[in-house]
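Beneath this line is the structure, given in structure tokens, with notes to follow.
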Amino acid sequence: MTWGVGIIGSGPGVAALHAPTLTRTGGDFRLVHVSDAGSGRAATIAERFGARSSAGIEALLADPEVDVVAVCSPPALHAAHVRASLAAGRRAIFCEKPLADTAEEADRLVAECAAVGALLVVGTNHLFDPAWVRATHHLAALDGRISSVAVTLCLSPNDRYHALTMGEPLPAGKPPKRPPLDLDDPAQSAGIVRQLVAGLGVHDLPLVRDLAPETPELVWARPVPPVGFDLGFQAGEALVRFTAVMLPDGADSLWRVCVTTAGARVEVEFPPPFVHVGGARTTVRDAQGVHTVYPSDRRDGYEVEWRALAALLRGEAAMEYDELRADAAFVLAIADQAAAVVRAGGER
């Protein structure tokens, strides 16, 4: 069966990522409708993929061919658009990260989906990457406690990869108004760090929770210029360091997770965002000095997260609402703690 997808949102991420990914799901999904907030970009995307377009969400939610709603609107609108989809009778929803801005709101959204039996997948694509599944299996086979996890992100501007993947550019949107950035202002720095942890760290913090699910206790947090953060926290016996910086220019993006146990080091290096080149690469170095590099899977996490939704729709997998709640609580607890520490000067 092929399910029709309506995408709420029309940014470069939709054009470069989600719309093309739907064509790689083996016929499980097809794009039938795209909506925007009046920018006109939905029509451009829809024309490329043979879909319909509209402004606002009403026409999309009334479209009888829309079986699945993909919420790819700005993060502040995610909760409202998930609820609107439920109210319109949709029972399969893909929501880009983050699901909500607070743990309480995320918990309410998951509970509302569970109450009506709605299927919900949150777009944390690294969690679905075949390389991460392979890495966790390898770590489980080692049967050694996790001593440290290091997550390192050095991100080039997204538009570099948008241009590579979507061909013709979308009509230019109105640039958002942002106040001048002052990292010496503790309140502003705290807000930026929280936003980055909740909106960017959400890709990899669920991976950390896979390995060290205990309640995180922040040790330090600080902003990193020009835009980024550096934080350390304890989760059970594991020490975790997460460093991210967004650069105005430079080399290709680096996105790496390194896990150390008493007997091995496992590294997972993810491709740059938006680039359709297959999954991440996993490298293992064991205590005997053996160095193993696993081949990358042709599928990436973007594709697999949609295939996971198809498996839920077919009844081949169970909907794990508690996992969604726990991931959101873990990520947002760290975001809240980091903001508080930055506001107070950077150290506990």
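A compact table of results
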read-out: Under the Debye formula (equal points on every Cα, no solvent term), log10 I(q)/I(0) of region 1-115 at q = 0.16, 0.22 Å⁻¹; value: -0.68, -1.23
read-out: Model label zone, residue 145; criterion: amide N under 20 Å from point 7 Å along Cα-to-beta-carbon; scope region 185-215; value: 208-215
read-out: Sites matching GluC sites (Glu not before Pro) across region 1-82 that sit in DSSP coil, with at most 15 neighbouring C-beta atoms within 10 Å; value: 65
read-out: Computed P(r) (all Cα pairs; region 51-165; 5 Å bins; percent); value: 2, 9, 15, 16, 15, 14, 13, 9, 4, 2, 1
read-out: Bridge type composition, the chain - antiparallel percent by DSSP, nearest 5; value: 55
read-out: Percent carbon-and-sulfur accessible area, region 4-104, ignoring ligands, DNA and RNA, probe 1.4 Å; value: 57
read-out: Size descriptor, Kirkwood hydrodynamic radius, that averages inverse alpha-carbon separations across region 105-158, Å; value: 14.9
read-out: Region 291-348, accessible surface, carbon-and-sulfur percent (1.4 angstrom probe); value: 50
read-out: Ratio of the Cα radius of gyration of region 218-348 to 2.2 N^0.38 Å, where N counts its residues; value: 1.28
read-out: Within region 241-348, GluC sites (Glu not before Pro) in DSSP loop having at most 14 other beta-carbon neighbours inside 10 Å; value: 316, 320
read-out: Overall Cα dimensions of the chain, principal axis frame, Å, largest first; value: 56, 47, 42
read-out: Most fluctuating residue given options 318, 100, 131, as computed from a GNM of the chain linking Cα atoms under 10 Å; value: 318
read-out: Solvent-accessible heavy-atom area per residue, rounded to whole Å², over the chain at 1.4 Å; value: 44
read-out: Accessible-area composition of region 212-251, carbon plus sulfur, in percent [1.4 Å probe]; value: 63
read-out: Rounded accessible area of residue 294 (nearest 10 Å², 1.4 Å probe); value: 60
read-out: Helix runs (DSSP H) in the chain reaching 15 Å along axis by Cα, Kyte-Doolittle at least 0.0; value: 103-116, 130-142, 186-199, 301-313, 321-344
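The values are calculated or read from the model by the stated rules, or taken from the named source; none is laboratory data. Remember, it's a predicted structure, so these values are computed and weren't measured experimentally. Heads up, the Cβs are rebuilt from the backbone with ideal geometry, glycines too, and the neighbour counts pull from every protein chain shown. Each accessible area value is taken on the protein alone, full model and side chains, heavy atoms only, with ligands, DNA and RNA left out. Shrake-Rupley method; radii C 1.70, N 1.55, O 1.52, S 1.80 Å.
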